[in-house]
Amino acid sequence: MSTIPPRSRPQSAKRPITQRDLARKLGVAQVSVSRALAGDPAVAPALRDRVLQAAGSLGYRRNASAKAMRTGRHGAVGLLLGADPQRSAVPSDLLWGLQEDLRAQGLRLTLGWLTDAEFSEPAVLAEWSVDGCLVFYTHDIPEGAQEQLAARMPACLWLNADLAKDCVLPDEIAASRELGARLAALGHSSVAFVGMGAGFTHYALAERRDGMCDHLAVINVEAGDWGPTRSWIDAAEAWLKREQPTAVVAHEANCLLPVYAAALRLGLRIPRDLSLAVFTNQELGLPVTTMRVPSRDLARRSVEGLLARISRPNAHQPAVRVPLIFQDHGSLAPP
């Protein structure tokens, strides 16, 4: 009977580095290593840097399962998205803000996607090793999804959804009222609001339009009516020539750009001949006055709210509306 030569026998896996190994290497107490790795602010920065450097060089990896069994926490937060990008389009600055704020708390961010059917019965959450869940699903929420999520993940907070509780969203209505007041103060008596087509049901569309009605008469124009059989710019040009509005407010950048391009094509001077404003969460690179959606503030308030839910899962929180930021880029003037 042949035997396996000693050199061809599989070698045993290398023993993983432990916190005890790090403590012995650095000549400090194991509890100090544990606190440094956990981000305890009481640990001196110099010691924390030594521990992190040693952990990196020696290949230390945390045992997440052991920690979860010991503390009842996984050290991770889930970000739950829907499969339809129209209802779960997360701005990049919001995503980065969430990651930065969670990392500052020693938490990781884990992403997951569900179809509408899965949203109504999200069994996946039972196997998701997270301490709480952020949900970015803005509108047309599947029936029963809130109740099903709450049953499986008590520490749950919704982002950018118009709900009565446990949610953080931009204060669109207050921003619209402010913009309407500014236009009225300049002497405008009415404004054209360019929104998305009839199939767009996000709550922000109505709030961005209706808030201005406190101060102005609002003429609603759907950008969806400008396409797809005709160029949006051609249609916007024809509409500007026909209606001759003194001010146009756009629901978002996609609604603004055809109007802006058509105004330039017609030789209209902004803002002398036409005042323009837009709601957006991004820098456009155009001299157009903006109601800026504060993605960074949304991230901070969302992390704060979720951490409160994690510490007290049964204590629901009222909806938090975060103010938008008025950025004057010189595109508003008297009519």
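Computed from the coordinates by the stated procedures, all read-outs in this text should not be read as laboratory data. Keep in mind it's a predicted model, so treat the numbers as computed, not measured. No Cβ is skipped: glycine too gets one built from the backbone with ideal geometry, and neighbour counts run over all protein chains shown.
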Fill in: Stretch gain in nm, segment T18-E283, where the contour uses 0.36 nm per residue and the Cα spacing is subtracted
90.8 nm
Response to the item:
Taking the chain and counting helices only, DSSP H stretches of n ≥ 4 at -39,500 (n - 2.57) each over all residues, the nearest-500 ellipticity at 222 nm comes to -11500 deg cm²/dmol
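Tell me the net charge near L266. Cut-off is 15 Å between Cβ atoms, L266 excluded, with +1 for each Lys or Arg and -1 for each Asp or Glu.
Working: positive: K241, R242, R265, R269, R272; negative: D234, E237, E243, D273.
That sum, taken over residues with Cβ under 15 Å, equals +1.
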Worksheet entry | Dipole in debye (nearest 20) - the stretch 261-335, about Cα centre, beta carbon charges: Lys, Arg +1; Asp, Glu -1 | 200 debye
Worksheet item: Relative to the Cα centre, what is the charge dipole magnitude of the chain, using +1 at the beta carbon of each Lys and Arg, -1 at the beta carbon of each Asp and Glu, and rounding to the nearest 20 debye?
Response: 2400 debye
Practice prompt. Could you tally the net charge around R309, taking each other residue with its Cβ under 11 Å from the Cβ of R309, Lys/Arg +1 and Asp/Glu -1?
Written response: -1
Discussion item. Which residue, Y260, M291, T246, has the largest displacement toward the positive end of the dipole of the chain when charges sit on each Cβ (Lys, Arg +1; Asp, Glu -1)?
Written reply: M291
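Give the range of the longest stretch in the chain that excludes all GluC sites (Glu not before Pro) found in loop regions by DSSP and having at most 15 other beta-carbon atoms within 10 Å.
Values: sites that count: E143, E283.
Counting only loop sites that pass the neighbour cut-off, the longest clear stretch is 1-142.
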Worksheet item: Ranked by Cβ crowding within 10 angstrom, fewest neighbours first, how are C213, C133, C167 ordered?
Response: C213, C167, C133
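Estimate the FRET efficiency between H329 and L111 by the formula 1/(1 + (r/R0)^6), using the beta-carbon distance for r and 25 Å for R0, to the nearest 0.05. Mind showing how you got there, number by number?
Values: r = 34 Å, r/R0 = 1.37.
Once the sixth-power term is evaluated, E becomes 0.15.
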Worksheet item: Between (1) 18.9; (2) 16.9; (3) 26.9, which matches mean projected area of the Cα convex hull in nm² calculated for the structure shown?
Response: (3)
Worksheet, complete the sentence: Any trypsin sites (Lys or Arg not before Pro) in the stretch 225-284 that lie in a DSSP loop and have at most 13 other Cβ atoms within 10 Å would be R230, R269, R272
